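Worksheet for the structure shown next.
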Amino acid sequence: MIRCTRITSLVENTAGRQGVIAEHGLAFWIEADDVRVLFDTGQGLALEHNADALDVDLSTADHVVLSHGHYDHSGGLAAWPEKFRNMPVHLHPAACDPKYAQGASDDNHYNGFAYHNMDELQKAFPNVQPTPKPTEIAEGIWVTGCIPRTNDFEDVGGPFFRDEACTVPDQITDDQALYLITVRGVVVVLGCAHAGLVNTLDYISQLTGRDHIYAVIGGMHLHGATAERLDRTLVALDHYRVRIAAPCHCTGPQAVARILASQPDRFTHFPVGQSIEIG
């Protein structure tokens, strides 16, 4: 069981202190006792600058975990391959699958990983470790692998597709979360929660056998979510008695405002430069 956890925001849409850069994307530096994990890598433009500004030595990471293959979570890996070349890189095998998005004006664009298949990725990073199912990467630190979609009110959160013409919907099966078993309880770290925040929490509760989740930190992809989905998400945070809720990146201003208004005691703003300490 992890006694001391510190999570630092390295890449996020907002900057919380002087000298760091905001970027549409996500990367967290996780220190769990003596293990260091880089969770997601942003687009690659801000990662190294912010790490230097925050005195984080990326070369000391014991593990790199990618939540999914979208460019704003995986780009830093491709931007700095020498830095991460020999580290264990954990990701779902489908992270390299084709990924496209459709903008408001039908501007279809590639939205995925710089590496287009696992062979290409493994040439760049020999220590790739696919995580299609729940995997303990270090003592008390787990990635979920593929998250079951069991409810009828959550979707992937946007117009995502597997083809350039944007005709084949992408279910983003590579979406995975990281969770830590700490002295305070289960701490969940999200990339975008494309599988749905409630599906994710339900699955982690099932995997751990625990009905209390201490903290939920990261992107929740609730931008444009229906009122029902927002309501049921708030109910889930209550159900799991979440003490710390830090919605980031893709959560969306409406959803962030709802969480803050309805649950101010648990809400935590988490821009670049801020850290959350647990334990």
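Of all residues in region 66-100, count the ones that are under 20 Å from Asp52 (Cα atoms) and not small (Gly, Ala, Ser).
Of the residues in region 66-100, 10 are under 20 Å from Asp52 (Cα atoms) and not small (Gly, Ala, Ser).
Any idea which residue in region 187-203 is nearest to the chain's Cα centre (by Cα), counting only those that are open to solvent by less than 10 Å² (accessible area, probe 1.4 Å) and not hydrophobic (A, V, I, L, M, F, W, C)?
Gly191
Looking at region 9-21, is at least one residue surrounded by 24 or more Cβ atoms within 10 Å (Cβ to Cβ), aliphatic (A, V, I, L, M) and under 21 Å from Thr144 (Cα atoms)?
no
Which residues, taken from region 55-99, are open to solvent by 20 Å² or more (accessible area, probe 1.4 Å), modelled with pLDDT of 95 or more and of a type in the set (D, E, K, R)?
Answer for region 55-99, where residues must be open to solvent by 20 Å² or more (accessible area, probe 1.4 Å), modelled with pLDDT of 95 or more and of a type in the set (D, E, K, R): Asp55, Asp57, Asp62, Asp97.
Here is a check on your reading of the model: is Thr268 more than 20 Å from Asn151 (Cβ to Cβ), β-branched (Val, Ile, Thr) and without any contact (Cβ under 8 Å) to a residue 60 or more places away in the chain?
yes
Counting only residues that are out of contact with any strand residue (DSSP E or B) (no Cβ under 8 Å at 6 or more places or on another chain) and surrounded by fewer than 18 Cβ atoms within 10 Å (Cβ to Cβ), which one in region 102-113 is modelled with the highest pLDDT?
Here the residue is Asp107.
Please return the ranges of strands (runs of 3 or more DSSP E) entirely within region 213-279 where 1 or more residues are surrounded by fewer than 16 Cβ atoms within 10 Å (Cβ to Cβ) and at pLDDT 95 or above.
275-278
Do the conditions hold for Glu31, that is, is it surrounded by fewer than 24 Cβ atoms within 10 Å (Cβ to Cβ), over 17 Å from the mean Cα position of the chain (by Cα) and either at negative phi or not acidic (Asp, Glu) (or both)?
No.
Taking the options Thr173, Thr251, name whichever one is touching a residue at least 60 places away in the same chain (Cβ under 8 Å) and within 26 Å of Leu10 (Cα to Cα).
Thr173
The values are calculated or read from the model by the stated rules, or taken from the named source; none is laboratory data. Just so it is clear, the structure is predicted and the values come from calculations on it, not from any experiment. Here the Cβ is made from the backbone with ideal geometry for all residues, glycine too, and neighbour counts use every protein chain on show. Protein only, heavy atoms only, side chains kept; ligands, DNA and RNA dropped before computing areas. Shrake-Rupley method; radii C 1.70, N 1.55, O 1.52, S 1.80 Å.
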